[in-house]
Amino acid sequence: MNAQDLGMAQHCGYDFTSYLVLNVHEEGTKENIKGLQLTLVDLEGNEVINTNSKYSWNHADKTLVFSFNYLIDQDNQPLQQAMPGIKERWFFPYAKDNYFLSVVNGLEVDKLKVKIEDVDGAQNGGFFESQVIELNYFDLFVLCSNQANDYAVQFGRKANKPLEVIIKKAQQ
C-alpha cells in the first residue's frame, strides 16, 4: 500500500478517538446514578485542562467533564425519555446509560484518574461520597483502528466494557 492508497482509505467516524465509559452505581444495584460530576484529573488530583486539544478533540482549553449518555431519535434530536412509536438509539451507541468522555487515541490514561462527586445542590444533593478512580489502558473504548485489534488479543479485562464503579452513600 502506498501513501496515495492510505489517503483514500475509508475512515470510520471514531478514527483517532477513544472513549472512557464508566458505569457508576451503588452496590447491589445495576442502575447508573445520574447527576454526578465526573472530571478527568491528573495523578495529584488537579483537574485536567484540555490545552490545545491534548487530551480530547472536543472542549479545547476546558476542563474535561464526562457526559451522561442519552437517547436520540431518528433525526439525532435528544429524547427526554423513551416514547412509543419513536425509533430511538443511544447518542454514544457503544454504551447504554453510562457516563462517557471522548479522548484522543494514544492518551496516556495511566497518568490520569477520574474524580467522581455528588455536588451539593445537584440532582442527588450530596447524597454520595466523592471518590477518585484510577484508570489504565484497558479502560479505554478503542474503536475503528488497528489498536482495537491489538487490544483484543491482550490479556486483562475485556475490551470496550464500561469501568464499573461502586459508589457509597455519604455519612449523614
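The values are calculated or read from the model by the stated rules, or taken from the named source; none is laboratory data. Predicted, not measured: the structure shown is a model, and the values here were computed from it. Don't worry about glycine lacking a Cβ; one is built from the backbone with ideal geometry, like all the others, and counts go over all protein chains shown. The area values use the complete protein model at the heavy-atom level, side chains included, leaving out ligands, DNA and RNA. Shrake-Rupley method; radii C 1.70, N 1.55, O 1.52, S 1.80 Å.
Scanning the stretch 43-64 for residues that are open to solvent by 60 Å² or more (accessible area, probe 1.4 Å) and aliphatic (A, V, I, L, M) returns Leu43, Ile49.
Looking only at residues in the stretch 63-92 that are among the β-branched types (Val, Ile, Thr) and more than 16 Å from Leu36 (Cβ to Cβ), the one that is modelled with the highest pLDDT is Ile72.
Criterion applied to Ala170, Ala159, Ala95, Ala60 was being among the small types (Gly, Ala, Ser), at pLDDT 80 or above and touching a helix residue (DSSP H, G or I) at 6+ places or on another chain (Cβ under 8 Å), and the one residue passing it is Ala60. Taking first residues from the stretch 107-118 that are touching a residue at least 40 places away in the same chain (Cβ under 8 Å) and partners that are open to solvent by 50 Å² or more (accessible area, probe 1.4 Å) and of a type in the set (D, E, K, R), the Cβ contacts under 8 Å between residues at least 6 apart in sequence or on separate chains come to Lys113/Glu134; Lys115/Glu47; Asp118/Glu129.
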